[in-house]
Each structure stands twice: as C-alpha cells, then as structure tokens.
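The values are calculated or read from the model by the stated rules, or taken from the named source; none is laboratory data. What you are looking at is a predicted structure, and each value in this text was computed from that prediction instead of being measured. Here the Cβ positions follow ideal geometry from the backbone for every residue, glycine too, while neighbour counts run over all protein chains shown. These area figures cover heavy atoms from the full protein model, side chains too; ligands, DNA and RNA do not enter into them. Shrake-Rupley method; radii C 1.70, N 1.55, O 1.52, S 1.80 Å.
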Amino acid sequence: MHVCPWWLTYTFDNFLRRMLDPVDDALSKWVKPGMTVLDFGCGFGHYSIGAAQLVGKGGKVIAVDLQDKMLEIAMERAARAGVDDIISPHKCGPLKIGYTGKVDFVVSGHVLHETPDLEGAFREVFSVLKPGGGFYFTEPRMHVKDEFYRAELATAAKVGFKVTELPSVLLAYRAYLSK
C-alpha cells in the first residue's frame, strides 16, 4: 500500500491547486447549506474547508485521513479559514473509513488509487451515503493511468453507484457517483 507522506502534500495542496481546482467550481453543484459531507482522504483540508464554507454553520464536514499529521494541518488551516467549528477530524484505518454515521455527500481528491482494497473503499463510501447521496472523486492524471481510472469507474458501478464521468481537467480525472 502506498500512502502519500504528509510532507509531500505541500507540493500539491497549495495556492496553485486552489487556483486550478477551486472547491466552489467542483462542489457547489451538489453541496448545499445544512448538508453533512465526508472528505475521504482529506489531506491538508482542500475540500474539507471548501465544503465547510458551502454547508455553513448548519452543516457538518467529517475530515477523514489515515495520518494524524494530515488531520492536524487540516484543522489548523480550517481554524485560519474560520470553519474549524464545522469540521470534525476522523482518523481512519488503512482498510476502513470507520465512520458509522450517514452523510449526504462524499468527496475524495487524489486518494482512491492509494487504497489497498478499492472495491472495499467504494462499498464503505456507498454504505455511509444516505439514499440519493453523491460521491465526487478525482484522481491525478500524471500519476494514475487511464486503465486504472477506468477500472475504478467499473468497480464503482459494480458496487451499485450510478457513474457519471465528468470532463477531465488539466491535472485530474473526475467523476460523480450517485447512490
């Protein structure tokens, strides 16, 4: 299992990413005030912070990561953005998200290719989503081969998701899955 070391995250979760992958553009179609959102593999909080701004004080974001340092930095950034009261950090295990609640929406940026059990990850995401919920995920085009991304979409469909492939952007494949 490959896990991106926390310190390497500075190379891609920075001002350039916020310019190339603005959370409003990515999520505002689906994430609305009052919703509960789970950010699977939150890293430094790029999607968690943006989702918290979209759901507002009546909503909730669960920032999930395997690494304590990722969660720590995500929460520091959330505090600077003024949304730390909306975000709850949740440490997952290497094979399980381990979140038992239900959510309206899941987001995952550049993470699924790191999971050792891809089908298990899709099943767990499917299980935490409320009926009608959605899952937006991206994968890095420079790191993930097209064949692997296609296998991810097929696995998602096998689990029960309705798959909508979105146009790729400069650095990422993107898909929206609905339950």
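Within the chain, DSSP assigns beta bridges of which about 40% are antiparallel (rounded to the nearest 5). In this structure the chain gives 47 Å² per residue of accessible area when probed at 1.4 Å with all protein chains present.
Among His143, His110, His90, the largest mean-square fluctuation in a Gaussian network model of the chain, built with springs joining Cα atoms closer than 10 Å, belongs to His143. Database remark: amide H of Cys92 closer than 5 angstrom to the amide H of Asp65, Leu66 (H placed geometrically; neighbours at sequence offset of 5 or more, or on other chains; Pro and chain starts carry no H). Using a probe radius of 1.4 angstrom, the carbon and sulfur fraction of the accessible surface of the chain is 58%.
For the peptides 116-127, 98-109, residues were scored by their other Cβ atoms within 10 Å and the scores averaged per peptide; the highest-first order is 98-109, 116-127.
Give the relative contact order (percent, whole number) for region 91-147; include only Cα pairs under 8 Å separated by 6+ residues. So the answer I get is 43 percent. Here the Karplus curve 6.51 cos²θ - 1.76 cosθ + 1.60, taken at θ = phi - 60°, turns the phi angles of region 138-154 into couplings of 10, 9, x, 5, 6, 10, 9, 6, 4, 4, 5, 4, 4, 5, 4, 5, 5 Hz, with x standing for Gly and Pro.
Under 5 Å from the amide H of Leu166 lie the amide H atoms of Arg174, Ala175, Tyr176, each residue being 5 or more positions distant or on a separate chain, with H modelled from the backbone and absent for Pro and chain starts.
Couplings 3J(HN,Hα) for region 91-100, derived from phi with the Karplus relation 6.51 cos²θ - 1.76 cosθ + 1.60 (θ = phi - 60°), are 7, 9, x, x, 10, 9, 5, x, 9, 9 Hz, where x marks Gly and Pro.
Report the residue, chosen from Leu166, Leu27, Leu153, that carries the largest GNM mean-square fluctuation when the chain is represented by alpha-carbon nodes joined by springs under 10 Å. Taking springs between Cα atoms under 10 Å, the residue moving most is Leu166.
Just subtract the alpha-carbon distance of His113 and Leu170 from 0.36 nm times their residue separation and send over the number in nm, one decimal.
18.7 nm
Below 8 Å between Cα atoms, with a sequence gap of 6+, how large is the relative contact order for region 32-179 in percent? Normalised by residue count, the contact order of region 32-179 is 20 percent.
Volume per residue for the chain equals 103 cubic angstrom (convex hull of Cα atoms).
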